[in-house]
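Worksheet for the structure shown next.
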Amino acid sequence: MSYTPLTKRRKPANSRILWIALASIVVIFFITSQLNYRHAVANGLDPKNIKTQLLLIKQGDTGKDVAEILVEKNIIAKEWYLKKYLEDNNLEGKILAGRFELSPSFSIQVIAETITDSKKAKNYVTIPEGYSIRQIDNRLSEMQLSKKGDFIQTVKKFSRWSEYPFLPKQEIQGNLLPLEGFLFPDTYKVDPGNFSADNLIDLMLKNFQKKLPQDTATLLTQKNISLLDLITVASMLEKEVKHPEDLPIVAGIIWKRANSGWFLNIDATLLYDLNRQELTKADLEQDSPYNTYTRKGLTPGPIGNPGLKTIQAALNPEKTRHWFYLTDPKNGKAIYAETNNQQNRNRGMYLK
């Protein structure tokens, strides 16, 4: 019996083609990825979109943590773009805690340089003059420093009265927001990675005490008015007056009306309670201590946190024969009247 020798089997041509195709795909994918990476390093995801978003980086956040957030915010396309750039340039350990403004127009290189540059960290919060506690809470929430409502709850739970003897504790501790009016509006440096509402309140209260005019106590005694009443009038001025030259005149009118048992008729006080308690207007009109159309004299407390100019104006009001005022909607100037008839004529002329 004879046997025919077996020849070496060859792989089917189709199999070789498949392997070549797969290898080609891998190579193409790698080359494409590298090209896309290099493009992302030099160019933003959306060069035309220059609108910035705030990125909060907490202490200990890694490049991976930051990259994940940026993908969610549609600021970068791929997480690994940023991670690779940080690693290749020894920047992983230089990421800073803070708030940074970034936009889809920023390249990976610019983003990496931004989050590792202390000069570009937005570690300051500015509280405008006249802001209420609720408005402060909203600003802190918008800046991603705290959750909405946290600042309000911290104010409600305030108990460190002994540390701030200037506060009129007996008069304000029963208020819904007892520190309203005494949180001085200013720019404060904060630690975004370890933000504390208590620490910010401490800074604001100490700043209030520091910025209060030195002759305040003497003038309050001479005028026989309380610090709470002073800050309450100043907070009304913040909402009512647009031009500095009108501040002392309107202050004189508010004091005169309050001391004479008149209704103040200030819209801002009613709106404050509307926002403060998130009630309906009908609820407030029925029984609100901040409704100066139905209750005479000053409100139980300030309706915002006044700045130095309004505090000084309330402390040094100008005496005039005016009993009434309104604001010209065109230029914000105050229009004065001595009688109710004059006030009605002014309403017809300026508030059409």
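The values are calculated or read from the model by the stated rules, or taken from the named source; none is laboratory data. What you see is a predicted model; the values in this text were computed from it and never measured. Positions of Cβ are backbone-derived with ideal geometry, glycine not excepted, and every protein chain shown enters the neighbour counts. Calculation scope for accessible area: heavy atoms of the full protein, side chains included, ligands and nucleic acids excluded. Shrake-Rupley method; radii C 1.70, N 1.55, O 1.52, S 1.80 Å.
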Within the stretch 132-158, the count of residues that are small (Gly, Ala, Ser) and not in a loop (DSSP other than H, G, I, E, B) comes to 1
How many residues of the stretch 92-126 are part of a loop (DSSP other than H, G, I, E, B) and of a type in the set (A, V, I, L, M, F, W, C)? The answer is 6
Of (1) out of contact with any strand residue (DSSP E or B) (no Cβ under 9 Å at 6 or more places or on another chain); (2) free of Cβ contacts under 8 Å to residues at least 60 places away in the same chain, LEU264 fails just (1)
Fill in: Selection status of GLU129, part of a helix (DSSP H, G or I) and more than 26 Å from ASN49 (Cβ to Cβ)
no
The correct count of residues that are open to solvent by less than 40 Å² (accessible area, probe 1.4 Å) and either in contact with a helix residue (DSSP H, G or I) (Cβ under 7 Å, 6 or more places away or on another chain) or acidic (Asp, Glu) (or both) in the stretch 30-65 is 7
Among helices (runs of 4 or more DSSP H) entirely within the stretch 159-244, at least 2 residues that are out of contact with any His (no Cβ under 7 Å at 6 or more places or on another chain) and within 29 Å of LEU56 (Cβ to Cβ) occur in 197-211
The number of residues in the stretch 294-344 that are open to solvent by 30 Å² or more (accessible area, probe 1.4 Å) and either assigned to a loop (DSSP other than H, G, I, E, B) or of a type in the set (Ser, Thr, Tyr) (or both) is 21
Is there a residue in the stretch 86-97 that is open to solvent by 30 Å² or more (accessible area, probe 1.4 Å) and under 24 Å from the mean Cα position of the chain (by Cα)?
yes
Residue within the stretch 6-13 that is part of a helix (DSSP H, G or I) and at pLDDT below 90 present: yes
Looking at PHE182, is it surrounded by 19 or more Cβ atoms within 10 Å (Cβ to Cβ), farther than 18 Å from THR232 by Cα and modelled with pLDDT of 95 or more?
no
So, first residue of a type in the set (Gly, Ala, Ser) in the stretch 78-98, second residue assigned to a loop (DSSP other than H, G, I, E, B) and open to solvent by less than 70 Å² (accessible area, probe 1.4 Å), Cβ within less than 6 Å, six or more apart or across chains; the pairs are GLY98/ALA121; GLY98/ASN123
Among (1) modelled with pLDDT under 95; (2) under 15 Å from PRO185 (Cβ atoms); (3) surrounded by 15 or more Cβ atoms within 10 Å (Cβ to Cβ), ASN123 falls short only on (2)
